[in-house]
Amino acid sequence: MAKTVTLKDDESGKSWKFPVLGGTTGPDVVDIRKFYAETDMFTYDPGYTSTGSCESKITFIDGDKGVLLHRGYPIEDLAEKCNFEEVAFLMLTGELPDAKAKKQFQHDITYHTMLHEQLHSFYSGFRRDAHPMAVMCGVVGALSAFYHDSLDINNPDHRKISSYRLIAKMPTIAAWAYKYSLGQPFIYPRNDLGYAENFLYMMFATPCEEYKVNPILAKAMDRILILHADHEQNASTSTVRLAGSSGANPFACIAAGIASLWGPAHGGANEAVLNMLKEIGDKKRIPEFVKRAKDKNDNFRLMGFGHRVYKNYDPRARIMAKTCSEVLSELKIKNNALLDIAVELERIALEDDYFIEKKLYPNVDFYSGIIFQAMGIPVTMFTALFALARTTGWIAQWREMIEDPQQKIGRPRQLYTGQTKRKFVPLAKR
Ligand code: SDX
């Protein structure tokens, strides 16, 4: 017998039944697709705190337990035992690649890492001090002007080539945004380097001398990209899905995702964490900032803390903290003042009733910036790295949405509280 729930209007006594749908794990959902047709009412959920927007098989999060699975594999296993290309393949296809498929995928991605030469002049349209996320939004959106051969979203081959192009080109686009800000020449990708290593190479090499990427840092970067690859229906992924639901091309949809990720409440938090730690400046000032974070009248929030879904420690933050100490010891950075402040801030916050009660824990952004800074990556590039990694998740979710027979254009409704119909007042009488 199919499970249902009943809604009863206490005033009229009318009631309606709605089907309950169950997944393989996680909460059931009430299917309200016919809710308006049957009740003449809308549901209301600004921020979508209790609303499932789609069916998906890519990522599962149990916020209470702090569990994150990609296609069923725990993030801890993927971060420890895979490289980014394997995880990207998993996101796109649903399975981890065997040796042959991994080699082929790495080859296919590698041979799409170059950008059209005309994009050089596109970069020069930006001010040198433009925020890299502004450059990423512009350049990624502009890619649809270069790839007319793969914009038919109903053609599976076009969807595949566009996905590969986006995944492959993001490291080049991000690294070139950094080089452009320095006034240094763009460094072309190399076909003999892995995904993360190639990115660091394009970031820090110059034409003047041989540059060898530190393998420990390449491995750390690879793991950080895995940690950021996908995260269910977060704000930027939902933006990509909504943009894609109208049939917009994948380059435009990913540009929309980049724009949404930029916000400090979302992917922009990693940059905001570093700025916050610098503003705190000294462990002695931590109580002052914790007090502000708890003050309802102060809109200051502890950046890198809290999460819409995790009401436990973000599993990615744990791995990030471990990676942070590995990178700092590899770089022989003994005392990192910002890390000391971050560790003390975490300790104080996790013992504070306000944070315990509201289940606020460090999230993925809390430690990432310290690692990036130690690697010599400027603060303004932090969210661009998040966008680089999340492109794989965005494009996997976009493809899943396009290939979902149930998908239709997203068009939410509203609770209208504005003026009802009124008589027009001509200018002379206003
Ligand atoms: C990411 O969705 C994803 O999956 C995102 C992400 C991904 O991988 O895609 O995980 C990446 O965006 C991580 C989050 C990065 N953002 C930050 O670190 C910014 C700081 N965090 C907050 O802005 C906040 O925690 C959010 C935005 C992350 C979540 O906000 P919610 O779910 O809307 O929660 P809320 O604002 O309703 O907060 C619940 C309560 C509130 O107090 P009350 O109104 O109930 O009294 O907790 C308080 C908030 O004031 N609160 C905080 C806080 N976060 C929430 N108080 C102080 N400091 C904080 N960081």
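The set of residues from the stretch 320-337 being open to solvent by less than 30 Å² (accessible area, probe 1.4 Å), of a type in the set (A, V, I, L, M, F, W, C) and more than 16 Å from the ligand (Cβ to nearest atom) comprises 324, 327, 328.
Under the condition of being open to solvent by 60 Å² or more (accessible area, probe 1.4 Å) and among the acidic types (Asp, Glu), the residues counted in the stretch 105-145 number 2. Checked against (1) under 22 Å from residue 287 (Cα atoms); (2) acidic (Asp, Glu); (3) buried (at least 16 other Cβ atoms within 10 Å of the Cβ), residue 351 passes all but a single condition, namely (3).
A search for C-beta distances below 6 Å between a residue of the stretch 403-426 that is closer than 30 Å to residue 58 by Cα and any residue that is open to solvent by less than 100 Å² (accessible area, probe 1.4 Å), counting only pairs 6+ apart in sequence or on different chains, returns 407/401; 409/245; 409/246; 410/242; 410/245; 413/42. Within the stretch 276-319, track down each residue that is within 19 Å of residue 348 (Cβ to Cβ), open to solvent by less than 70 Å² (accessible area, probe 1.4 Å) and assigned to a helix (DSSP H, G or I). Listed by number, the residues that qualify are 276, 277, 280, 286, 289, 290, 293, 317.
Assess whether residue 43 counts as being within 16 Å of the ligand (Cβ to nearest atom) and closer than 21 Å to residue 412 by Cα. Taking the combined requirement at face value, the residue does not satisfy it. Within the stretch 228-238, none of the residues are part of a helix (DSSP H, G or I), surrounded by fewer than 24 Cβ atoms within 10 Å (Cβ to Cβ), touching a helix residue (DSSP H, G or I) at 6+ places or on another chain (Cβ under 7 Å) and not small (Gly, Ala, Ser).
Does the stretch 359-380 hold any residues that are outside any helix (DSSP H, G or I) and within 14 Å of the ligand (Cβ to nearest atom), and which are they? Matches in the stretch 359-380: 359, 360, 361, 362, 363, 364. Taking every residue in the stretch 384-402 that is more than 12 Å from the ligand (Cβ to nearest atom) and pairing it with any residue that is modelled with pLDDT under 95, at least 6 positions away or on another chain, the pairs with Cβ-Cβ distances below 6 Å are 401/407; 402/153. Listed conditions (1) away from the ligand (no atom under 12 Å from the Cβ); (2) aliphatic (A, V, I, L, M); (3) free of Cβ contacts under 8 Å to residues at least 40 places away in the same chain are all met by residue 356, apart from (1). When the stretch 175-219 is filtered for residues that are within 20 Å of residue 328 (Cβ to Cβ), in a loop (DSSP other than H, G, I, E, B) and touching a Phe, Trp or Tyr at 6+ places or on another chain (Cβ under 6 Å), only 213 remains. For the stretch 241-260, the criterion of being within 24 Å of residue 413 (Cα to Cα) and near the ligand (Cβ under 8 Å from one of its atoms) is met by no residue.
For the stretch 3-23, a residue qualifies if it is in a loop (DSSP other than H, G, I, E, B) and either under 15 Å from residue 43 (Cβ atoms) or open to solvent by 80 Å² or more (accessible area, probe 1.4 Å) (or both), and the qualifying residues are 3, 9, 10, 11, 14. Determine if the stretch 268-283 includes at least one residue that is within 13 Å of the ligand (Cβ to nearest atom) and charged (D, E, K, R). Yes, the stretch 268-283 has at least one match. Looking at 57, 65, just one residue is over 21 Å from residue 307 (Cβ atoms) and open to solvent by 50 Å² or more (accessible area, probe 1.4 Å), and that residue is 57.
The values are calculated or read from the model by the stated rules, or taken from the named source; none is laboratory data. As the structure is a prediction and not an experimental result, all values here were calculated from the model. Positions of Cβ are backbone-derived with ideal geometry, glycine not excepted, and every protein chain shown enters the neighbour counts. The area values use the complete protein model at the heavy-atom level, side chains included, leaving out ligands, DNA and RNA. Shrake-Rupley method; radii C 1.70, N 1.55, O 1.52, S 1.80 Å.
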